[in-house]
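Asker: Before I ask anything, let me first share the structure, which is written out below as structure tokens.
The values are calculated or read from the model by the stated rules, or taken from the named source; none is laboratory data. All values derive from a computational prediction rather than experimental measurement. With ideal geometry, Cβ positions are generated from the backbone for all residues, glycine too; neighbour counts draw on all protein chains shown. Accessible surface areas use protein heavy atoms only, side chains included; no ligands, DNA or RNA. Shrake-Rupley method; radii C 1.70, N 1.55, O 1.52, S 1.80 Å.
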Amino acid sequence: MRLTGLLKFPRRKYAELGHLRHIPHEYIEKLKRAVPKKVYGNRFGAPPLIRWALPPDDYVPQSKPIYDSNIVNETIQREKRYHHTVLNHKFFEKRSHTVNAIPRDNWTFFPGDKVQVMVGKDKGRHGTVHTVVHETNCVYVEGLHTKLEYEEILKLHRLKEQPLFVDKNQVQLVDPIDGEPCTAEWILNSDQTEYVRISQRSGLEIPIPKSALRTTEYYTPETYIEVDDKDTPHNIVLKKTYKPKLCTFEQDIMEEQGIEDDREHKPTYWY
Amino acid sequence: MVNKAVINLISGRPLILLFKQFGPVQQCTSRNFASKTYLLNEFFDHEHTFGKTELTPKFRPGRAWTQEELRLKSNSDLHKLWYVLLKERNMLLTMKEAYQIRNRSLPGPERIDNVKESMKNLEAVVHERNDAYLRLETGDSADPPMRTVTTPLGFTINQQAKEHYEPWEISGEKEYATPYLEGDVYLFQKLWKEKEHMKAEIESYDKEWAEMKTDPNTGIEEKRDYALFQRSFRRTYNRLDHLPKTFKPNGSETSDS
């Protein structure tokens, strides 16, 4: 290990946690539908004309998880409307976005956390977080802060959970020692190896719940089922086979395959 | 046996793509060819997944390879992995086409993006290694040589330089690099810049308009009194000086206070 590596702070692993952690970034962007539909390039140096499925400056994050079926349907409807107005040369008023997401390094709420609701009819009650939406700084608590809504298709009255906003202090973490609401912060532990969440009131550690490690693939890393044909076992992945050599990648492969190239290369000109 | 230290290192259980220790290409013939279409079967997914809308955990591969994981591997392993990923990509695209023809959607569509990401990371790692060696030996980077070029419409853009057998004096194929613009091209560039300037202005006005609110205390409608929108813009501008000045949303008309 180089000295410079030791002097650096450890990686903030908690900032990478999330339900969609292992889903590729490109796929999530496609779900938002703010993707180019067609790119008209080759315009003699002029910037290319991009026809959007939905313009990216119209994208406003909703207080719901991105894979929510209602959100997906709404986005598709808006996309159709945008496309229709563009074709008819009409004016399309884009939504404006004013919410600033709390940076992930400062985010202290995880699924499975015990929290206290500070507003509404459930004020003062304790509950467990089940969904976290980082883009709009909101959190959903199981069974609390609900609203009675009528679903026309099923003809049912349903108690639907409403989002609780972290930046507006509508929900606070519960201190493990006395059960009072508190604010948390991240500090380095005594070994300086990882970041730990402590409550500012008591200074005690609030451990990250196991549900926070959950992803679309597994509940906990230990319960992941490896796919025989497609997954590489973790011991093989972490096996180091690289030996630095003074040659290019191509030269190394040629040596290994026994390909010999003794042709004389004439000089070429790049312009 | 699960190694927890390993899991902590990589924060989760990963990975995709089988990574059999292949021998050289010649050894492929040692495989058991059961039928003539054996090799073609590699273009298709497991039969259990046919017609499904969602994949069960047993047939749902994990995440993409990260650059950190790929840096551990030798060049030979990366070379083999590339072809494993390529075959998987071909298989997924074939399946996507098959589902589209039948008016259905591919189950587990994020697999295609996973494979793309793995291949992108692989290429980045290989480029890194080549770059390090070439910088050491020649001083030049492994990036393709770039040059600025002025197109027939007068735009100056950065382009990749092309390889030629003869120097430019002989072949005469060198593209212009910022020449003196003449006539129509000069006018076109002026008009283009004017148009882009106006677009930016209008965007800033729209943004300010959207942020303006009515004052609830005094009842004065800020929007109604906004002088800028009481008149329309001029349609043509003969001098750049006559273009409206860049709008500053916090009202910097008076420099006081």
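Asker: Being touching a residue at least 12 places away in the same chain (Cβ under 8 Å), touching a Lys or Arg at 6+ places or on another chain (Cβ under 8 Å), assigned to a helix (DSSP H, G or I) and surrounded by 15 or more Cβ atoms within 10 Å (Cβ to Cβ) narrows it down to one residue among A:Glu79, A:Glu26; which is it?
Answerer: Among A:Glu79, A:Glu26, only A:Glu79 is touching a residue at least 12 places away in the same chain (Cβ under 8 Å), touching a Lys or Arg at 6+ places or on another chain (Cβ under 8 Å), assigned to a helix (DSSP H, G or I) and surrounded by 15 or more Cβ atoms within 10 Å (Cβ to Cβ).
Asker: Separate question: Exactly one condition in (1) open to solvent by 90 Å² or more (accessible area, probe 1.4 Å); (2) out of contact with any Ser or Thr (no Cβ under 7 Å at 6 or more places or on another chain) is false for A:Pro207; which is it?
Answerer: Only one criterion in (1) open to solvent by 90 Å² or more (accessible area, probe 1.4 Å); (2) out of contact with any Ser or Thr (no Cβ under 7 Å at 6 or more places or on another chain) is unmet by A:Pro207, namely (1).
Asker: Are any residues in region A:255-271 open to solvent by 60 Å² or more (accessible area, probe 1.4 Å) and either at the interface with chain B (Cβ under 8 Å from one of its Cβ atoms) or within 21 Å of B:Leu136 (Cβ to Cβ) (or both), and if so, which ones?
Answerer: Selection gives A:Glu255, A:Glu256, A:Gln257, A:His265, A:Lys266, A:Tyr269, A:Trp270.
Asker: Looking at region B:58-74, which of the residues that are open to solvent by 50 Å² or more (accessible area, probe 1.4 Å) and part of a helix (DSSP H, G or I) is farthest from the other protein chains (Cβ to nearest Cβ)?
Answerer: Of everything passing the filter in region B:58-74, B:Gln67 is farthest from the other protein chains (Cβ to nearest Cβ).
Asker: Just need a number here: residues in region B:81-120 that are more than 10 Å from chain A (Cβ to nearest Cβ) and either outside any helix (DSSP H, G or I) or of a type in the set (Lys, Arg) (or both).
Answerer: So the count comes out to 10.
Asker: Kindly indicate whether any position in region A:203-216 is among the hydrophobic types (A, V, I, L, M, F, W, C) and farther than 20 Å from A:Thr108 by Cα.
Answerer: No, region A:203-216 contains no residue that is among the hydrophobic types (A, V, I, L, M, F, W, C) and farther than 20 Å from A:Thr108 by Cα.
Asker: Quick one: count up the residues across region A:130-171 that are closer than 17 Å to A:Arg104 by Cα and outside any loop (DSSP other than H, G, I, E, B).
Answerer: Selection size over region A:130-171: 6.
Asker: Take region A:221-241 and flag every residue that is in contact with a helix residue (DSSP H, G or I) (Cβ under 8 Å, 6 or more places away or on another chain) and either at positive phi or open to solvent by 30 Å² or more (accessible area, probe 1.4 Å) (or both).
Answerer: Answer for region A:221-241, where residues must be in contact with a helix residue (DSSP H, G or I) (Cβ under 8 Å, 6 or more places away or on another chain) and either at positive phi or open to solvent by 30 Å² or more (accessible area, probe 1.4 Å) (or both): A:Glu222, A:Ile225, A:Lys230, A:Asn235, A:Leu238, A:Thr241.
Asker: Being open to solvent by less than 40 Å² (accessible area, probe 1.4 Å) and touching a strand residue (DSSP E or B) at 6+ places or on another chain (Cβ under 9 Å) is the filter; apply it to region A:55-76 and report the residue that is nearest to A:Asp167 (Cα to Cα).
Answerer: Applying the filter and picking the extreme gives A:Ser63.
Asker: Okay, next question. For region B:75-87, which positions are closer than 15 Å to A:Thr232 by Cα and open to solvent by less than 20 Å² (accessible area, probe 1.4 Å)?
Answerer: B:Asp77, B:Leu78, B:Leu81, B:Leu85
Asker: Quick check on this structure: which one of A:Asp191, A:Asp178 is open to solvent by 50 Å² or more (accessible area, probe 1.4 Å), outside any strand (DSSP E or B) and closer than 17 Å to A:Val117 by Cα?
Answerer: Result: A:Asp178 is the single residue among A:Asp191, A:Asp178 that is open to solvent by 50 Å² or more (accessible area, probe 1.4 Å), outside any strand (DSSP E or B) and closer than 17 Å to A:Val117 by Cα.
Residues are listed down the side, and each one gets a yes or a no for (1) touching an Asp or Glu at 6+ places or on another chain (Cβ under 6 Å); (2) surrounded by 11 or more Cβ atoms within 10 Å (Cβ to Cβ):
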| position | (1), (2) |
| --- | --- |
| A:Lys94 | yes, yes |
| A:Arg104 | no, yes |
| A:Val119 | no, yes |
| A:Gly127 | yes, yes |
| A:His134 | no, yes |
| A:His145 | yes, yes |
| A:Glu152 | no, no |
| A:Val166 | no, yes |
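Asker: Here's a follow-up. Looking at (1) within 19 Å of A:Ile236 (Cα to Cα); (2) among the basic types (Lys, Arg); (3) open to solvent by less than 80 Å² (accessible area, probe 1.4 Å); (4) touching a Phe, Trp or Tyr at 6+ places or on another chain (Cβ under 8 Å), which is the only condition B:Arg129 fails?
Answerer: Condition not satisfied by B:Arg129: (1).
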